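Read the structure below first, then the notes.
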Amino acid sequence: MKKALLLLLLFLLLLWLLWRWWNAGAAVATDEGARLAFDRAWMDHRPRSPSERWQSFWIISQHPVGGFNAGTFWKGGWERFQYRRAGDGRLDAIFQNDRERISYRAWRCDTDGFDFCLEIGGSSRGVKRYYSQRGWEIHQGADAEARVREIASASDGN
């Protein structure tokens, strides 16, 4: 009976240590995800021509604003939002006539020549997966929408 109790306690200790290790890794990934998600231009794909439709997303850390875009190099529409951080990987977004809780998850990836991937959830706007790469940062004080147009223009060969 004492051996069974000792084995049970050792098993529970092992489970607890495994749980701690697993959650410690998740916290590091969340911190990096927030660092990657903010102050960066995100696009659903690289446009191959000025008339090809693309969608983009951005959130600025210094000023609590972000935006969605859908359009081409020639024509498109922006929808901005203000936000409050609502915990790890979540934003409470305030649009002109609507509110949404947006979840995000960003990570390093190697997909179609992109360096970073971003998944968005809880929003009726935009697409669910975006991509970015090194050099697509939005520097403090820069016009985020102009930066996204600049990146899209460079991507489609203009």
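The values are calculated or read from the model by the stated rules, or taken from the named source; none is laboratory data. These figures come from a predicted structure and were not determined experimentally. Cβ atoms come from the backbone with ideal geometry, glycine included; neighbour counts cover every protein chain shown.
Restricted to strands (runs of 3 or more DSSP E) entirely inside segment 65-158, those with at least 2 residues that are without any contact (Cβ under 8 Å) to a residue 24 or more places away in the chain and farther than 15 Å from R46 by Cα are 76-85, 90-94, 99-111, 114-121. If you filter segment 103-152 down to residues that are among the acidic types (D, E), surrounded by fewer than 16 Cβ atoms within 10 Å (Cβ to Cβ) and farther than 18 Å from G33 by Cβ, you find that the one that is modelled with the highest pLDDT is D112. Applying the condition of being among the polar types (S, T, N, Q) and out of contact with any Phe, Trp or Tyr (no Cβ under 6 Å at 6 or more places or on another chain) to segment 57-97 and asking which residue is farthest from Q140 (Cα to Cα) yields N97. R48 falls short on exactly one of the conditions (1) in contact with a Lys or Arg (Cβ under 9 Å, 6 or more places away or on another chain); (2) farther than 15 Å from E137 by Cα; (3) not hydrophobic (A, V, I, L, M, F, W, C), and that condition is (1). Listed conditions (1) modelled with pLDDT of 95 or more; (2) in contact with a Phe, Trp or Tyr (Cβ under 7 Å, 6 or more places away or on another chain) are all met by E100, apart from (2). Residues in segment 57-74 that are buried (at least 16 other Cβ atoms within 10 Å of the Cβ), in contact with a Ser or Thr (Cβ under 7 Å, 6 or more places away or on another chain) and not hydrophobic (A, V, I, L, M, F, W, C): N69 alone. Filtering segment 78-112 to residues that are farther than 17 Å from V65 by Cα and small (G, A, S) leaves only A106.
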